């Protein structure tokens, strides 16, 4: 028997090198975020999902609190907040909470418009996006002022 017939080449089963090393060495972008310019429609899609999760967390959190502690006394809580916290902080907090609900609502209306078969062009997508963003800001400012 020849020595070659029984010897096995040494070979690594797993690479110890980073999978991105070649791309980094060639100065290629590793992430698609480095390649693409952010577009309004996909930023709004991400925002819609995030606000949906936030609203769900608020609803479930309130539900768990309600089950464990009973209904909170809203008037006492509101008086406590207004007495202890600065007015600017309360107004800004109301604006952020209103913005979460309003953005998700207006994005939902935008999707219903698309589901009805309207505004499906690039121009229409951007138009409905600007309208949803504008309506979100205006309605959130109005709600925070209450």
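Read-outs throughout are calculated quantities, based only on the coordinates presented, and are distinct from any laboratory measurement. This structure is a prediction, so every number in the text was calculated from the model and none was measured. Glycine also receives a Cβ, built like all others from the backbone with ideal geometry; neighbour counts cover every protein chain displayed.
Taking only Cα atoms, what is the 0 to 90° angle, nearest 10, from helix 40-69's long axis to the longest principal axis of the chain? With rounding to tens, the tilt is 60 degrees.
Taking 0.36 nm per residue of sequence separation and subtracting the Cα-Cα distance, how much length would be gained by fully extending the chain between residue 49 and residue 24, in nm to one decimal? Show your work: numbers first, answer last.
Working: separation 25, 0.36 × 25 = 9.00 nm, distance 3.19 nm.
The residue 49-residue 24 span can extend by a further 5.8 nm.
Normalised by the number of residues in the chain, the average gap of Cα pairs under 8 Å and 6 or more apart makes the relative contact order 26 percent.
Would you list 55, 146 from fewest to most Cβ contacts within 10 Å?
Ranking 55, 146 by Cβ neighbours within 10 Å, fewest first, gives 146, 55.
To the nearest ten degrees, helix 122-145 and the longest principal axis of the Cα atoms of the chain are 50 degrees apart. With neighbours defined as other Cβ atoms within 10 Å of a residue's Cβ, the residues 106, 92 order from fewest to most as 92, 106.
Look at where the Cα atoms of the stretch 82-100 and of the stretch 18-57 average out, and the two centres are 31 Å apart.
In the chain, the calculated helix contribution to ellipticity at 222 nm averages -23500 deg cm²/dmol per residue, counting -39,500 (n - 2.57) for every DSSP H run with n ≥ 4.
Note on the chain: Kirkwood radius taken over Cα pairs, Stokes-Einstein applied at 4 °C and 1.567 mPa s, translational D equal to 63 µm² s⁻¹. Highest GNM mean-square fluctuation among 83, 39, 119, for the chain modelled with Cα contacts below 10 Å: 83. For the chain, the longest principal axis of the Cα atoms and the long axis of helix 74-84 meet at an angle of about 80 degrees. Between residue 111 and residue 75, full extension at 0.36 nm per residue minus the direct alpha carbon distance yields a gain of 9.3 nm. As a proxy for reagent exposure, ranking 50, 74 by other Cβ atoms within 10 Å from fewest up yields 74, 50. As a calculated quantity, the FRET efficiency between residue 57 and residue 37 at R0 = 30 Å, using C-beta atoms, amounts to about 0.45.
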